[in-house]
Amino acid sequence: MKIGKGVEWAAHTCALLALLPANAALALETLADFIGVPSPYLAKQMQLLSRAGIVKAKRGVAGGYKLARLPETISLWDITGAIDGTTRSFRCTEVRQNGPCGASSEEVITPCKIAASFRNAEDKFRQELSNVKLPELVAGIAQDVSEQRKARIKAWIEQNAAFSS
């Protein structure tokens, strides 16, 4: 299963947005600068997150992006599904019915064991990502960040966020 780099960008962006006060938003260019990616590329990810109801955009002087839901309701699977889609990675084409020794449709009475194994693995993967919510993710990231960097991030947010009254 391949996860696109857009998922990484979106997850980092959502983690950053989870740090914002309720009355704050960050402009697209500011978000792109923070994670070090071109803003046109991040714009696509933000549109997908917006369509999925994960972020919302506000226009105007105090505009920018913010989370559309409480952080504890947003999982890594929500973000992954919004960016890469929710279509299953493995698609069984019933090759067991092909070739000179293929099974007849009457013989195929149980699901393909190979397909079932892939489905089971993917279900576990999705469940694991569903169990990781933004607050847990942010807390985990914070454990690996020095106090000096935390202070820089806090100051950066205060300097770059647009605050509404």
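The values are calculated or read from the model by the stated rules, or taken from the named source; none is laboratory data. Values in this document were obtained by computation on a predicted structure and should not be read as measured data. Note that we place each Cβ from the backbone using ideal geometry, even for glycine, and neighbour counts take in every protein chain shown.
Numbers at a glance
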quantity: Filtered residue count, region 85-101, keeping only those that are free of Cβ contacts under 8 Å to residues at least 24 places away in the same chain and within 20 Å of the chain's Cα centre (by Cα); calculated: 3
quantity: Region 80-111 - residue that is surrounded by 16 or more Cβ atoms within 10 Å (Cβ to Cβ) and among the β-branched types (V, I, T) and, of those, farthest from A11 (Cα to Cα); calculated: I83
quantity: Helices (runs of 4 or more DSSP H) lying entirely in region 1-108 (those with 2 or more residues that are over 21 Å from Q127 (Cβ atoms), modelled with pLDDT of 90 or more and touching a Ser or Thr at 6+ places or on another chain (Cβ under 6 Å)); calculated: 28-35
quantity: Some residue of region 109-131 being in contact with a Leu (Cβ under 7 Å, 6 or more places away or on another chain), under 21 Å from G81 (Cβ atoms) and of a type outside the set (D, E, K, R); calculated: yes
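Yes/no per residue for (1) on the phi > 0 side of the Ramachandran plot; (2) crowded, with 16+ Cβ neighbours inside 10 Å; (3) not hydrophobic (A, V, I, L, M, F, W, C):
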residue	(1), (2), (3)
T13	no, yes, yes
L17	no, yes, no
T30	no, yes, yes
V37	no, yes, no
L42	no, yes, no
G53	yes, no, yes
D78	no, yes, yes
